[in-house]
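Here, each number is a calculation from the coordinates, and none is a lab measurement. A quick note: this is a predicted structure, and the numbers were derived from the prediction, not measured. Cβ coordinates were reconstructed from backbone atoms using ideal geometry, including for glycine residues, and neighbour counts include every protein chain displayed.
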Amino acid sequence: MSTETGKGARRCSPFVLVLGKKGTGMIILGIDPGLRNMGWGVISVDGPRLRHIANGIVHSEQGELGERLVVLYRGLREVIAQHNPDAAAVEQTFVNKDAVGTLKLGQARGIALLAPAESGIPIGEYAPNAVKKTVVGVGHAAKEQIQHMVRFQLPGVQLAGPDAADALAVAICHAHHLQGRALRIKVAS
């Protein structure tokens, strides 16, 4: 089942794209929400093969909260326009003792969900421990371990920073979950 979008991009079920014929890769945008630094990473999935496309960080400087959120939103919209992803994945936030910080992070996460949703891009959400477990094999992995495994799974990648590495890890996690779901559906049918 496929439909055409106004941008001329082909949108299909993620299951068809992930398990489709060789060469019909799926583009996934991973987002690591943050108010100061919002990491993003774009990968291509072609069957079991993952390929790095791009990664970076949208920075918002000190200032009014609304202005900072606009900077994050515009930065993500630019990434989406440039790479035209088929799916997006966003890391969930966790509640910590700093209620004000958690609230601000939640607002940045809202931008991370809004930007792809506005383009009709399906979004997966993953807890930080689920991302670490999928990419590293351990749910409480250190940032260095995540960066190492991202470099291992995406050979030759030059990371823009730890936030970009986390975003690529979220994209890798989403790719693995889509592949697992597609295989279960294929086996069940």
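Here is how the numbers come out for the structure above:
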{"quantity": "Cross-link partners of Lys143 among aspartates and glutamates (Cα-Cα below 16 Å; sequence separation of 8 or more within a chain)", "calculated": "Asp32, Glu91, Asp163, Asp166"}
{"quantity": "Low-density loop cleavage sites - chymotrypsin sites (Phe, Trp or Tyr not before Pro) in segment 88-189, where at most 14 other Cβ are within 10 Å (DSSP)", "calculated": "Phe94"}
{"quantity": "Contour excess over end-to-end distance, with Cα ends at Ala142 and Arg77 and 0.36 nm allotted per residue", "calculated": "20.4 nm"}
{"quantity": "Relative contact order (percent, whole number), segment 15-188, Cα cutoff 8 Å, 6+ residue spacing", "calculated": "30 percent"}
{"quantity": "Rough spin-label spacing in nm, given labels placed 7 Å along Cα→Cβ, for Asn129 and Leu114", "calculated": "3.1 nm"}
{"quantity": "Efficiency of FRET from Cβ geometry, Ala99 and Phe152, R₀ 30 Å, rounded to 0.05", "calculated": "0.20"}
{"quantity": "Cβ charges +1 (Lys, Arg) and -1 (Asp, Glu), total dipole of segment 15-188, debye", "calculated": "680 debye"}
{"quantity": "Convex hull volume per residue for segment 15-188, taking Cα atoms only, in Å³", "calculated": "117 Å³"}
